[in-house]
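The values are calculated or read from the model by the stated rules, or taken from the named source; none is laboratory data. Keep in mind it's a predicted model, so treat the numbers as computed, not measured. Here the Cβ positions follow ideal geometry from the backbone for every residue, glycine too, while neighbour counts run over all protein chains shown.
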Amino acid sequence: MAVVFDRPHALVDIPMHYCPGCTHGIAHRLVAEALDELGIEGKTVGISSVGCSYNNYFYFNCDMIQAPHGRAPAVATGVKRSLPENIVFTYQGDGDLAAIGTAEIVHAATRGEKITTVFINNAIYGMTSGQMAPTTLINQVTTTSPYGRKPELHGFPIKVCELLSTLEGAVYVERVSVHDIKNIMNAKKAIKKAFQVQMANKGFSIVEVLSTCPTNWGLSPVEALKWLQDNMVSFYPLGNFRGRDLEV
Amino acid sequence: MGERLLMKGNEVIAEAAIRAGCRHYFGYPITPQTEIAHYMAKKMPKVGGVFLQAESEVAAINMVYGAASAGKRVMTSSSSPGISLKQEGISYASGARLPAVVVNIMRGGPGLGGIQPSQSDYFQATKGGGHGDYHMIVLAPSSVQEMYELTIDAFNLADTYRMLTMILGDGILGQMMEVVNFRDEEPIVQADKSWATTGHGMKREHNIITSIHLDPAVLEQWNRELQEKYRLIAEKEQRYELYRCEDAEIIIVAYGSVARIAKNVIKVAEEEGIKVGLLRPITLWPFPTKAFEQVIDKPRAFLTVEMSSGQMLEDVMLAVNGRKPVYFTGRMGGMIPQVDDIMAKIREIKAN
């Protein structure tokens, strides 16, 4: 019988620790499919960050490094400058990338480091149990904004793709979502293209993946997907910000 | 016979790193060590190496973390406030067992402090400035020649023990020029780096570099292995110089540039008929307790001299362990102990 659907080779065959309905699993699979299809697992070094995905070095079959909070782009820079023929990616959440690691991501991007960043934006800190993130939406309730995020108290959410797309070194910048099949297919294309941009030595590439956190949002997995679609997509517009027509 | 050159201490560290096979340097400007970056920026492209000016000391140490994970000989350098910023990365690299060289050319603190020489980062360097039970090997050169030799050794020690090695100098050593005799060929240790994350080429299991172990039993075992390594290093790698200690009444304990001042003190004391010796730690961690065992019976007292409020003093007291009196004199904030100040203390001890 023909196999029509299987686990990507780049994904280790062990149970993941993520909560039911969490979209990390989807994003992991998309990254692994890209590594498989491009045949680059053997020369890829992945950098995991701090947050729920801190130990995805157990899940990705390529060589992996766990980085300090927010520093994954700096660690990736050190790896890529040492192994320019290899493929290097970081996998970071919104707290890691857009709060504590803002300097590292901006400077890796502006230097045009030939690395790829998969940026998971679920508008909340997951691992530490639901605190306000830099990407938390206005009026969104979290454990550290229990009365909702108020601009006068907490400021405004950061739009990472819009911010990074002002930098010359960031040659491929795209925001995708994983709330339905169509969007998952688009996300797959974007992630694959981001790796291809790196393989073609063009510069820094990033894909922001709008994701859910049912546990800390206090919603069922299905409600969480709906909440993402209704609330996040309108504030964080999907699409390409740089490098749509980049030849790879 | 190798080259003989007149060079600045900071530049010699950079040159020695390149001679040791370091091809990756990540740094951020700060006085009084920036000549290291200048030298690397000029030289690295000529030897096919990488010089990268990072956006911060935090980023620089994490670039070191990445390059070390990739199995490369890598270095970063800074001065006191910048080294404080690197402590996070130093702790992580220690936890992840990564070999690399970190240079601290100390200046006065705390805070932004000043830019004049100091030794007030001794605690930070030797006791673990970051979190967790870890150590770095800490080497303290006392001349420009030694900055060259110890930099070569630093890379070898880092690779041998798969850990960070720090070169702890001060603003005097960094800025002064002396003649250096270079070897034609350096003794390079070729360490096994099969643990490095270089891409597995579909030929082996994936390698993982990490410092996190959420199971406390696993983390304790990891720590036990680190401590066992530290014990071995403390046994095998203590280095020190004993200068005129044979019949000394008073033994000065000093490292780095202060040890050179101490040698002048010894001459002046001799003219006054006081026999003074010098015990100079070269490894600050591991602290050279064996040196004290060698000389402990001879002197009436030890005198620790530092450009700090008395940090190494605590290790000296632990090594002497009450067997002889231990005195201290020092200056802070970038002020340098003068021969006269130290002589006054010696006369006071002698009169006791």
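What do you reckon, is B:S69 within 25 Å of B:W195 (Cα to Cα), crowded, with 23+ Cβ neighbours inside 10 Å and either within 14 Å of chain A (Cβ to nearest Cβ) or free of Cβ contacts under 8 Å to residues at least 40 places away in the same chain (or both)? Give the steps one after another, and end with the answer.
On the way: within 25 Å of B:W195 (Cα to Cα): yes; crowded, with 23+ Cβ neighbours inside 10 Å: yes; either within 14 Å of chain A (Cβ to nearest Cβ) or free of Cβ contacts under 8 Å to residues at least 40 places away in the same chain (or both): yes.
Yes.
If a residue must be buried (at least 24 other Cβ atoms within 10 Å of the Cβ) and either more than 10 Å from chain A (Cβ to nearest Cβ) or in contact with a helix residue (DSSP H, G or I) (Cβ under 6 Å, 6 or more places away or on another chain) (or both), how many such residues does the stretch B:83-98 contain?
Here the count works out to 6.
What single numbered condition from (1) outside any helix (DSSP H, G or I); (2) touching a helix residue (DSSP H, G or I) at 6+ places or on another chain (Cβ under 6 Å); (3) within 14 Å of another protein chain (Cβ to nearest Cβ) fails to hold for A:A109?
(1) is the only condition that A:A109 fails.
Residues of the stretch A:21-80 being of a type in the set (D, E) and either surrounded by 24 or more Cβ atoms within 10 Å (Cβ to Cβ) or without any contact (Cβ under 8 Å) to a residue 12 or more places away in the chain (or both), which ones?
A:E41, A:D63
Which condition does B:H200 not pass, out of (1) outside any helix (DSSP H, G or I); (2) touching a residue at least 12 places away in the same chain (Cβ under 8 Å); (3) not aliphatic (A, V, I, L, M), if it passes all the others?
The failed condition is (2).
How about the stretch B:242-292: which strands (runs of 3 or more DSSP E) wholly inside it have at least 1 residues that are aromatic (F, W, Y) and under 17 Å from B:P141 (Cβ atoms)?
On the way: elements: B:250-253, B:276-281, B:283-285.
Fully inside the stretch B:242-292 and qualifying: B:283-285.
Which residue is farthest from B:S84 (Cα to Cα), if the candidates are limited to the stretch B:1-54 and must be free of Cβ contacts under 8 Å to residues at least 24 places away in the same chain and basic (K, R)?
My answer is B:K46.
Yes or no: A:V209 assigned to a strand (DSSP E or B), closer than 23 Å to A:E33 by Cβ and β-branched (V, I, T)?
Yes, satisfied.
Can you tell me which residue among B:Y161, B:Y230, B:Y148 is assigned by TED's automatic domain parsing to the domain that holds B:G21, touching a His at 6+ places or on another chain (Cβ under 8 Å) and of a type outside the set (G, A, S)? Before the answer, list the steps.
Details: B:Y161 fails: touching a His at 6+ places or on another chain (Cβ under 8 Å); B:Y148 fails: touching a His at 6+ places or on another chain (Cβ under 8 Å).
Residue meeting the stated conditions: B:Y230.
Quick one: in the stretch A:29-67, which of the residues that are out of contact with any helix residue (DSSP H, G or I) (no Cβ under 8 Å at 6 or more places or on another chain) and under 15 Å from A:H17 (Cβ atoms) is nearest to the other protein chains (Cβ to nearest Cβ)?
Once the filter is applied, the top-ranked residue is A:Y57.
Go over the candidates B:Q238, B:Q190 one by one and state the one that is crowded, with 17+ Cβ neighbours inside 10 Å, away from every other protein chain (no Cβ under 14 Å) and in a loop (DSSP other than H, G, I, E, B).
Sole residue among the options that is crowded, with 17+ Cβ neighbours inside 10 Å, away from every other protein chain (no Cβ under 14 Å) and in a loop (DSSP other than H, G, I, E, B): B:Q238.
Of the residues B:G322, B:G333, only one is part of a loop (DSSP other than H, G, I, E, B), farther than 23 Å from B:P32 by Cβ and not assigned by TED's automatic domain parsing to the domain that holds B:S79; which? Steps first, answer last, please.
Values: B:G333 fails: farther than 23 Å from B:P32 by Cβ.
Criteria check complete, one pass: B:G322.
In the stretch B:39-79, which residues are within 16 Å of B:Y92 (Cα to Cα), touching a His at 6+ places or on another chain (Cβ under 7 Å) and among the β-branched types (V, I, T)?
Listed by number, the list holds a single entry, B:V74.
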